1. Only one residue in SER109, SER163 is of a type in the set (S, T, N, Q) and either part of a strand (DSSP E or B) or open to solvent by less than 60 Å² (accessible area, probe 1.4 Å) (or both). Which one?
2. What are the residues in the range 79-106 that are open to solvent by 30 Å² or more (accessible area, probe 1.4 Å) and polar (S, T, N, Q), if any?
3. Looking at the range 128-146, which of its residues are open to solvent by 60 Å² or more (accessible area, probe 1.4 Å) and over 18 Å from ILE86 (Cα atoms)?
4. Since PRO19 meets every condition but one in (1) out of contact with any strand residue (DSSP E or B) (no Cβ under 9 Å at 6 or more places or on another chain); (2) outside any loop (DSSP other than H, G, I, E, B), which condition does it not meet?
5. Go through ALA115, ALA120 for me and flag whichever is part of a loop (DSSP other than H, G, I, E, B) and in contact with a strand residue (DSSP E or B) (Cβ under 9 Å, 6 or more places away or on another chain).
6. Within 19 Å of ILE128 (Cβ to Cβ) and either assigned to a helix (DSSP H, G or I) or hydroxyl-bearing (Ser, Thr, Tyr) (or both): is that true of LEU2 in this structure?
7. Among the residues of the range 114-127, count how many are surrounded by fewer than 12 Cβ atoms within 10 Å (Cβ to Cβ) and modelled with pLDDT of 95 or more.
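The values are calculated or read from the model by the stated rules, or taken from the named source; none is laboratory data. If you're wondering where the values come from, they're calculated on a predicted model, not measured in any experiment. With ideal geometry, Cβ positions are generated from the backbone for all residues, glycine too; neighbour counts draw on all protein chains shown. Please note that ligands, DNA and RNA were not included when accessible areas were found on the heavy atoms of the full protein model with its side chains. Shrake-Rupley method; radii C 1.70, N 1.55, O 1.52, S 1.80 Å.
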Amino acid sequence: MLISDQYRALNNQLHRDRPDYGTSSKRWSSILEGIEGDPVLDYGCGKALLEIPGRTIRRYDPAIEEHSTPPEPAPLVVCTDVMEHIELDCLEDVLKDLHRVTQKLLFVSVATRPAKKTLADGRNAHLIVKPRSWWRTRFDRYFTLMSFAETPGEFVELLSPRSTN
């Protein structure tokens with residue numbers, strides 16, 4: 001399961017209530033211009049603001065009705081400010097799904113600090129607040145690390161899918 005019905009409803013509500021929720025992908029557009037792959041799958045697209053000149057962007061977000069259809073694989077998958085929002089019980093399934101849809105490269109950014117936003121049930125919007133080392137052990141099951149950058153409170157990685165023989 002990628003998301004529970006209850007959490008989908010909470011996320012959908014936060015998207016409706018907060019115009020600034022689900023908007024972080026646009027900040028990566030200039031960096032992503034230098035990474036090959038078309039079409040691009042914006043996995044967990046939120047408000048669907050990712051634009052890369054000359055590229056086709058396909059969007060997926062299970063909490064947004066118009067983007068909730070399970071996506072087809074793509075050469076480049078972009079997953080920014082998503083993983084820390086995943087329910088812990090669903091994390092393994094989300095990692096498997098990211099592996100399924102990533103043909104060549106996965107660009108991922110993960111916050112390692114609490115969010116400034118809260119869900120309607122009072123929980124912090126970042127359900128998983130863990131250091132990069134914790135995330136590495138999860139990503140390593142499915143992906144090979146190509147490059148990374150880390151700043152206080154966030155890291156970014158470029159990954160390639162591991163063979164699943």
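1. Exactly one of SER109, SER163 is of a type in the set (S, T, N, Q) and either part of a strand (DSSP E or B) or open to solvent by less than 60 Å² (accessible area, probe 1.4 Å) (or both), namely SER109.
2. If the condition is that a residue be open to solvent by 30 Å² or more (accessible area, probe 1.4 Å) and polar (S, T, N, Q), then GLN103 is the only one that fits.
3. LEU145, MET146
4. Unmet for PRO19, out of (1) out of contact with any strand residue (DSSP E or B) (no Cβ under 9 Å at 6 or more places or on another chain); (2) outside any loop (DSSP other than H, G, I, E, B): (2).
5. On inspection, the qualifying residue turns out to be ALA115.
6. Numbers: within 19 Å of ILE128 (Cβ to Cβ): yes; either assigned to a helix (DSSP H, G or I) or hydroxyl-bearing (Ser, Thr, Tyr) (or both): no.
It is false that LEU2 is within 19 Å of ILE128 (Cβ to Cβ) and either assigned to a helix (DSSP H, G or I) or hydroxyl-bearing (Ser, Thr, Tyr) (or both).
7. Adding up the residues that qualify gives 3.
Per-residue answers, yes or no, for (1) under 22 Å from ARG138 (Cα atoms); (2) small (Gly, Ala, Ser); (3) surrounded by fewer than 23 Cβ atoms within 10 Å (Cβ to Cβ):
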position	(1), (2), (3)
SER29	no, yes, yes
LEU32	no, no, yes
GLU36	no, no, yes
LYS47	no, no, yes
ASP61	yes, no, no
THR69	no, no, yes
ALA74	yes, yes, no
